[in-house]
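S.K.: Just dropping this structure here.
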Amino acid sequence: MQSPVLVGRAEETSALRAAVTRAEHGRGGAVFLVGEPGIGKSRLASETAGHASRRGLRVLKGRASRAVPLRALCEAVLSAFRRGGAPDETQLGAYLPVLLRMTPDAPAGVPDPAVVRAEAVLRLLTAEKTVLLLEDLHEADDETLAVVDYLLDNLADAPVLLLATTRPHPEGAQRLVDAATARRTATTLRLTGLGAAEVAELARHCLGEPVPDDVVRQLVAVSDGVPFVVEELLDGDLRAVPPTVAAATLQRVDALGPGSRAVLEAAALFGRTFPLDVVAAVVDSADVSEAVLEAERAQLLHGHQFRHALTADAITGRMTPTARAALARRAAEAAEALRPGEPELVAELWEAGGETAKAVRCLVRAGRHAGALGRFGIAVELLERGQALTDEPDLAADLLDALAAVLPLAAVVVPADNGARAFALGERLQQSLTESHAEPRRRGAVRLAQARVAAVAGQWERGLDLLETAGETSPAVDVVKAALLLGLNQLDLLPKARALAERAAATGTPEIVCEALEVLTRCTRGQDLAEARQHVQRWLRTAEQHGLAAWRLRALLELGITDKYLTTGVGTLLAARQAALDTGAIVILIAADLHLGATYLVRGEYEKSAWHGASAGEAAGKLGLHALGGLAVAIEAGIAAVHGDRRATDRALARLRDHGESEEIWSYSSAVCALMEERYDRALAEFDEVEKAVVEPRILRGTFYQGPRLLVRVALGLAGRPEFDRLAESHLSQVQLHRTYFAWSRAILLGREGRTAEANAAAAEALDLSKGLGLPRYLGLRLAGPRALADGWGEPLEWLGEAEEYFHQLGVPAVAAACRAVLREAGAPKQRRRRDHETVPAALRKAGVTVREYEVLCLVVERFGNAEIAERLFLSPRTVERHVASLKARTGRRTRADLISHARPSIGGSTPM
């Protein structure tokens, strides 16, 4: 029997409705309802959810369960997608696949760090005004609590109310409740028993008439003011109030038919919520709906759940241990057949049925699957639960093997502790192995797993020591040792690391092959980018052939990075970004955006660079990935520096130092800004600071400052052939960015030596390499122009004119003025400017057409040939040809005639003959 109205909770109801109103107006928060079983937490939460729904808020619900990790959140997520108008990819973006991977039967593939999973849930909730109701939070696993904790810190400005019910247990959820209340990210409402007057009112509402005083006194004495107990007692004979709530519940159960009682007994094994298909299989009935309806009429069930957890406890409590175990075994068999994707549930049933071995095997399977999904905490919890169940050697060995397999994930998906949790688990494993007199092979496997953690955490010497202790040789050992040796950044260890990786790639499993090829890529990238690219391509093929989704994504990103160095192309990086977006690989997505931002910066496509940098920075900031966030700020600093904006550059660099980023990035950005200010002494001083800051062997890493530094030094006469030859013959000559600077430097040196034809050829190479680039092209034109004028080679007037136009449009007045000054001294016609580029039609400006290109286009539309245009604009025919080619590319036209037809409506001009 349930009261039609809520009794005795006016103050709490008022507080909860106020919380709903705040969420409705974008001022979200969290409320925890804390109290003993039956005190009315669920009823109060349900009333609040109903109130929110009537006000138009979306209500998502989930109930926690120790047997099924992440269950409460999974139920809430699934309920969002079952509703009409569920959020889609346009709202959730790359986080949509992350949410889909939270479901119990999600396939393994891309592991999600816990913080990424939490952010995905947050984005789902904030897509519209929402109340998230999580019941029985005291039953939640650690990773559910971690997501809730993340939500608590991010709801203040969101239209979301998180409402959770929990019992006052001293650990787990209660610690979370206390901490959140202390830092004022949540409110706690502690529910206590009803007073005598409230019990009387509750009884009157249940029965529809007043209850005698002596009955009220007895209800208060037995129930201690717990509403659920009062309601249960009122379902019995008031002339003989049952002594306990269990007795009251069982009276109603016994009044049902035998079929309904059997259904309730099978259902009670699962706790408050039960899977109806499994219950039907246990009682061997195709249709149990009539039994469920009968139990609902008796107010024992509400749909597929008991009206209260105490009801299920009362039913199982009176079963004999033998009967309960037999029923649990039948339920385990049915669940194994019908719910193969829920091994945690099956394990709990086998354990209840006394089948320890079967329970442990299910936990091993569940732990491995959780590990494959990146749920390290859940995996360890499940596997350690299995350890507590058995001392049987083979089962214990299986558990230890599974723990060793998920061990490296600790440092991958929970990186903040630098692997401390994983190392601690490894030591516990070693102790267990020693106590069980395990064979050396198993101990070696754990040492290998710990060494993997060391490799991820950057603890190179510790990892190598662990491998020495393991004393084994295998492809897995080879590849981990290779990664550790490479991490030491010692050139003399490079051949050994490479040999180990090659051996592992030749004989390992597909996963080991991918890992080895990743190491080989890092070994060879600094020496031979083409060879490195071959390794990545093999790595990608291996991953695709064997369905290794995470390795495929990493290979795509690595291929994009390699192509970025080789060609400054973005096609492969964009493909990697799209793959990460499609699969919800958020960290890969952030990395792709950072590399795209840096590449577009080199290409002079500053709006695209800023967009990708900001996208990466926002995502990294939300997820607490501070190192990646620092790189996003570095892109911002680079853009400001190229525009010669000293204040914006310094602001970004100040933030960069807050992120703890390297002196190299800081000094490089400041040096570029000094170049744009025409302050070459400062630029060289900053470049020298970069040179001092770089302590790693450069053959193992990429650099971005040496090309421009060399060009400036050569142009100012501070560097000669020896310095040029040293860099031009280094690994940097593979990188298009540096090849461009080296070509300009070579041209200046050759011109200075009087080797005009060779200087012209080097300049032509520089111009060809710098097509589609920003600073590498125009800084080269700016610095090579005066040298060419002085030494009598090249086309300095054209170069300086092109550079002046570029920097003028970019809003870098110092460099533009310097170019004009050199042109004036050379006797070139005075440059006339269109103010603010307003004469370039908006459609053409949007396509990126420059003022000079517009001048050329106007004459093209008038049917002038390249030589005539060159004569009118004081350019060379070859420069005009480049402008026409650029115009075709910007407007998407293939022929000159197409270009004229496309441009005439915007420009005007004579009608074609």
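Quick note: the coordinates plus some simple rules give every number you see, no bench work behind them. A quick note: this is a predicted structure, and the numbers were derived from the prediction, not measured. Note that each Cβ is placed from the backbone with ideal geometry, even for glycine, and that neighbours are counted across all protein chains shown.
S.K.: Between region 599-620 and region 484-528, how far is it from one alpha carbon centroid to the other, in angstrom?
M.R.: Centre-to-centre distance over Cα atoms comes out at 31 Å.
S.K.: Measure out, as a whole number of angstrom, how far apart the alpha-carbon centroids of region 185-220 and region 139-167 sit.
M.R.: 31 Å
S.K.: Another question about this same structure. Amide H neighbours of E135 under 5 Å, at least 5 residues apart or on other chains, H built in the peptide plane: list them.
M.R.: Close amide H contacts, sequence-distant or interchain: G62, R63, A64, T165.
S.K.: Can I ask one more? Between T13 and D582, how high is the FRET efficiency from 1/(1 + (r/R0)^6) when r is the Cβ-Cβ distance and R₀ = 35 Å? Nearest 0.05.
M.R.: Efficiency at R0 = 35 Å is approximately 0.15.
S.K.: What FRET efficiency comes out for E862 versus T839 if R0 is 25 angstrom and r is the Cβ-Cβ distance? Round to the nearest 0.05.
M.R.: E between E862 and T839, to the nearest 0.05, is 0.95.
S.K.: Can you compute 3J(HN,Hα) from phi for each residue in region 354-370, using the Karplus curve 6.51 cos²θ - 1.76 cosθ + 1.60 with θ = phi - 60°, rounded to whole Hz and x for Gly and Pro?
M.R.: With coefficients 6.51, -1.76 and 1.60, one gets x, 9, 4, 4, 5, 5, 5, 4, 5, 5, 4, 4, 5, x, 5, 5, 4 Hz.
S.K.: How would you classify region 585-697 from its alpha-carbon gyration tensor, with a ≥ b ≥ c the square roots of the eigenvalues: rounded for a/c under 1.5, else prolate if a/b is greater than b/c, otherwise oblate?
M.R.: prolate
S.K.: Please turn the phi angles of region 307-319 into ³J(HN,Hα) values with the Karplus equation 6.51 cos²θ - 1.76 cosθ + 1.60 (θ = phi - 60°), one per residue in order, whole Hz, x for glycine and proline.
M.R.: Per-residue couplings from phi come out as 4, 7, 4, 5, 5, 4, 4, 5, 5, 6, x, 9, 6 Hz.
S.K.: Answer rounded, prolate or oblate for region 10-190, using the Cα gyration tensor with square roots of eigenvalues a ≥ b ≥ c: rounded when a/c is under 1.5, else prolate when a/b is larger than b/c, else oblate.
M.R.: oblate
S.K.: Once you charge only the Cβ atoms, +1 for Lys and Arg and -1 for Asp and Glu, what is the size of the charge dipole of region 705-833 about its Cα centre, to the nearest 20 debye?
M.R.: 360 debye
S.K.: Any idea how far apart T356 and E427 come out in nm if each label point goes 7 Å out from Cα toward Cβ?
M.R.: Placing both labels 7 Å beyond Cα along the Cβ direction yields 2.8 nm.
S.K.: A follow-up question, please. Grab the DSSP H runs of the chain that are 4 residues or longer, score each as -39,500 (n - 2.57), total them, divide by all residues and round the 222 nm result to the nearest 500 deg cm²/dmol.
M.R.: Calculated mean residue ellipticity at 222 nm is -21000 deg cm²/dmol.
S.K.: I've got another one for you. Of all DSSP beta bridges located in the chain, what percent are antiparallel, nearest 5?
M.R.: Expressed as a percentage, antiparallel bridges in the chain total about 10.
S.K.: Measure nothing but the geometry: give the 0 to 90° angle between the long axis through the Cα atoms of 114-125 and the longest principal axis through the Cα atoms of the chain, rounded to 10°.
M.R.: The angle comes out at about 80 degrees.
S.K.: A follow-up question, please. Please report the net charge: other residues with Cβ closer than 15 Å to the Cβ of A262, K and R +1, D and E -1.
M.R.: Every neighbour counted, the sum reads -2.
S.K.: I've got another one for you. Within 10 Å of each residue's Cβ, count the other Cβ atoms and sort W539, W551 from fewest upward.
M.R.: Working: W539 27, W551 23.
By the 10 Å Cβ count, ascending: W551, W539.
S.K.: Rounded to the nearest whole Å³, what is the per residue volume of the convex hull around the Cα atoms of region 751-828? Could you put the intermediate results ahead of the total?
M.R.: Details: hull volume 5.8 nm³, N = 78.
Convex hull volume per residue, Cα atoms: 75 Å³.
S.K.: Right, next: Roughly how tilted is helix 510-525, in degrees to the nearest 10 and between 0 and 90, from the longest Cα axis of the chain?
M.R.: The answer is roughly 30 degrees.
S.K.: Name the residue farthest towards the positive end of the dipole of region 10-190 from the options A118, P97, L132, assuming +1 on Cβ of Lys and Arg, -1 on Cβ of Asp and Glu, about the Cα centre.
M.R.: L132
S.K.: Under the classification rounded if a/c is under 1.5, otherwise prolate if a/b is larger than b/c and oblate if not, where does the chain fall, given a ≥ b ≥ c as square roots of the Cα gyration tensor eigenvalues?
M.R.: prolate
S.K.: Under a 5 Å amide H to amide H cut-off, with H placed in plane at 1.01 Å, what residues pair with H302 once short-range neighbours are removed?
M.R.: Hits under the 5 Å cutoff: R307.
S.K.: Here's another thing I want to ask about it. Amide H to amide H, which residues 5 or more places from R58 or on other chains are under 5 Å from it, using H placed in the peptide plane?
M.R.: When sequence neighbours closer than 5 places are left aside, the close amide H contacts are K129, T130, V131.
S.K.: Between region 532-555 and region 1-23, what's the alpha-carbon centroid distance in Å?
M.R.: The distance from the Cα centre of region 532-555 to that of region 1-23 comes to 56 Å.
S.K.: Could I ask something else about it? Tell me the angle of helix 663-676 to the major Cα principal axis of the chain, expressed in degrees between 0 and 90 and rounded to the nearest ten.
M.R.: 40 degrees
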